[in-house]
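Only one structure is covered here, and it is reproduced in the block below.
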């Protein structure tokens, strides 16, 4: 593990990126505060490491290695949050045999804080997803799926607020349009709401009403599409006002460092995604003081 533990450290890790206009709303302390955000996406039921002779990911991945890496980072900085951007399910026989139970149990053992829902998380239907939720000791965040007329009503929430070292962190979730990706009988009466509109609602509430110091979106929209009308993370970032970080999924996009996007107010937003199958772990470090915020981010091979 040592040879893979911390490599792919890019230029972003050696120079701080300043995100202008942010300051601590919920804490008046003078000391600089350090918040670490760890994240995965599109793990697709990959519990084991890839074999050493695998063509694309030789010897990489595996939940045991990720657990060790996450644990070491938490010891380095106890003010750490761990998120996933969806598509936890579907991809190995573990899902075929256990229906997601094992994935949720193991994520709970790693103390994930929250996930959003990906399209493949509906592969056993709403009933199949609901049956596994008791094994999940983390939050399911989804602002633009309306489950009111389904059995999943009340089992997700649009956003969640976390507190780390006096810093107030608001996190909301967005999912991709299920029509065309998932059979109707699997998602039933789930209503898809415009992700741009819901992002505006969520970030406004988290910043202006809840007074969050940091606003994060867990997105399963996809990193970028050529179609102007199809929502993606880069388009979302340009439209936002208060969101500081978009953690993405769905398109299996391997980024060595976050993409910096200028939002609707001229402020910089970070967009990150770490590929798929658990071979990488994303890390973003935010540094706060009473005058502003800076950050750096990179991808760690697992």
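Structure notes:
- Filter result for the condition that a residue is surrounded by fewer than 18 Cβ atoms within 10 Å (Cβ to Cβ) and within 20 Å of residue 273 (Cβ to Cβ), over 189, 256: 256
- Counting residues in region 219-239 that are more than 30 Å from residue 123 (Cα to Cα) and more than 14 Å from the chain's Cα centre (by Cα) gives one or more.
- Candidates 246, 161: the one that is touching a helix residue (DSSP H, G or I) at 6+ places or on another chain (Cβ under 9 Å), surrounded by fewer than 16 Cβ atoms within 10 Å (Cβ to Cβ), under 21 Å from residue 112 (Cα atoms) and modelled with pLDDT of 95 or more is 161.
- Subset of region 161-194 (residues that are within 22 Å of residue 290 (Cα to Cα) and in a strand (DSSP E or B)): 161, 162, 163, 164, 167, 168, 169, 170, 171
- Test: residue 86 is part of a loop (DSSP other than H, G, I, E, B) and closer than 12 Å to residue 46 by Cα: no
- The residues on offer are 183, 116, and the sole one that is more than 21 Å from the chain's Cα centre (by Cα) and at pLDDT 95 or above is 183.
- Qualifying residue in region 261-273 (condition: surrounded by fewer than 24 Cβ atoms within 10 Å (Cβ to Cβ), touching a residue at least 40 places away in the same chain (Cβ under 8 Å) and touching a strand residue (DSSP E or B) at 6+ places or on another chain (Cβ under 9 Å)): yes
- Against the numbered list (1) within 22 Å of residue 124 (Cβ to Cβ); (2) loosely packed, with under 15 Cβ neighbours inside 10 Å, residue 208 comes up short only at (1).
- Selection from region 164-177 of residues that are surrounded by fewer than 18 Cβ atoms within 10 Å (Cβ to Cβ) and either in contact with a strand residue (DSSP E or B) (Cβ under 6 Å, 6 or more places away or on another chain) or without any contact (Cβ under 8 Å) to a residue 12 or more places away in the chain (or both): 165, 177
- Residue 93 more than 24 Å from residue 118 (Cα to Cα) and modelled with pLDDT of 95 or more: no
- Filtering region 63-106 to residues that are at positive phi and in contact with a helix residue (DSSP H, G or I) (Cβ under 7 Å, 6 or more places away or on another chain) leaves 86, 87, 90, 99, 100.
- Hits in region 130-146 (condition: in contact with a helix residue (DSSP H, G or I) (Cβ under 8 Å, 6 or more places away or on another chain) and either touching a residue at least 40 places away in the same chain (Cβ under 8 Å) or under 14 Å from residue 219 (Cα atoms) (or both)): 140, 143, 144
- Close pairs from region 201-222: first farther than 26 Å from residue 250 by Cα, partner modelled with pLDDT of 95 or more and assigned to a loop (DSSP other than H, G, I, E, B), Cβ under 6 Å, at least 6 apart: 207/242
The values are calculated or read from the model by the stated rules, or taken from the named source; none is laboratory data. These numbers were taken from a predicted model, which means no experiment stands behind them. Because the Cβ atoms are built from the backbone with ideal geometry, glycine has one as well, and the counts that use them run over all protein chains shown.
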